[in-house]
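Asks: Got a structure here, written out as structure tokens. Questions coming.
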Amino acid sequence: SKSLSDEENLKLFGKCNNPNGHGHNYKARPLISLLFSLQIDPVSGMVINLTDLKEYMQEAIMKPLDHKNLDKDVPYFAEVVSTTENVAVFIWENLKKLLPMGTLYKVKVYETDQNIVVYKGEETISE
């Protein structure tokens, strides 16, 4: 984090704190909502065309993130710390722009088999 000292970064991020960066092979799984309010297309039998979904994922995830140094190559992470949590938010926001409204349920990002982040967007509480 640019807002922390070298010592604070080391204490907070441990072995992930490397001034020259370090790599992860993230796996992301966007889950499409299958709520009853969504209409299944009577011809295709699908809520969303899987070919379209693959294209959306290519545009929202692979194109901006695949084989990139997040901190140096992805403008979003110039000011946002590239934690797995923030990667999930980035993916959510990108997919949300492309998918039909109300179809994205959650994004699950695997940093490792043990470190997994699930993001469902910003939830609001109505009074």
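The values are calculated or read from the model by the stated rules, or taken from the named source; none is laboratory data. Since the model is a prediction, treat every value here as computed from it, not as a measurement. Every residue, glycine among them, receives a Cβ derived from its backbone with ideal geometry; neighbour counts consider all protein chains shown. What goes into the accessible areas is simple: the full protein's heavy atoms, side chains included, and nothing from ligands, DNA or RNA. Shrake-Rupley method; radii C 1.70, N 1.55, O 1.52, S 1.80 Å.
Asks: Within the range 112-127, track down each residue that is open to solvent by less than 40 Å² (accessible area, probe 1.4 Å) and either farther than 22 Å from residue 59 by Cβ or aliphatic (A, V, I, L, M) (or both).
Replies: Step one: of the range 112-127, the residues open to solvent by less than 40 Å² (accessible area, probe 1.4 Å) are 117, 119, 121.
117 - this is the single residue of the range 112-127 that is open to solvent by less than 40 Å² (accessible area, probe 1.4 Å) and either farther than 22 Å from residue 59 by Cβ or aliphatic (A, V, I, L, M) (or both).
Asks: To continue, here is another question. Output the qualifying pairs, or none if there are none: Cβ atoms under 8 angstrom, residues six or more apart or on different chains, first residue in the range 82-98 and in contact (Cβ under 8 Å) with a residue 24 or more places away in the chain and under 20 Å from residue 17 (Cβ atoms), second residue outside any helix (DSSP H, G or I) and of a type in the set (S, T, N, Q).
Replies: Final answer for the pair search is 84/115.
Asks: Mind checking which helices (runs of 4 or more DSSP H) fall wholly inside the range 1-109 and carry at least 1 residues that are of a type in the set (A, V, I, L, M, F, W, C), exposed (fewer than 13 other Cβ atoms within 10 Å of the Cβ) and modelled with pLDDT under 90?
Replies: Qualifying helices (runs of 4 or more DSSP H): 6-13, 50-57.
Asks: Another question about this same structure. Which of the residues belonging to the range 52-73 are in contact (Cβ under 8 Å) with a residue 12 or more places away in the chain and either of a type outside the set (Ser, Thr, Tyr) or touching a His at 6+ places or on another chain (Cβ under 7 Å) (or both)?
Replies: 53, 57, 59, 60, 61, 64, 65, 69, 70, 71, 72
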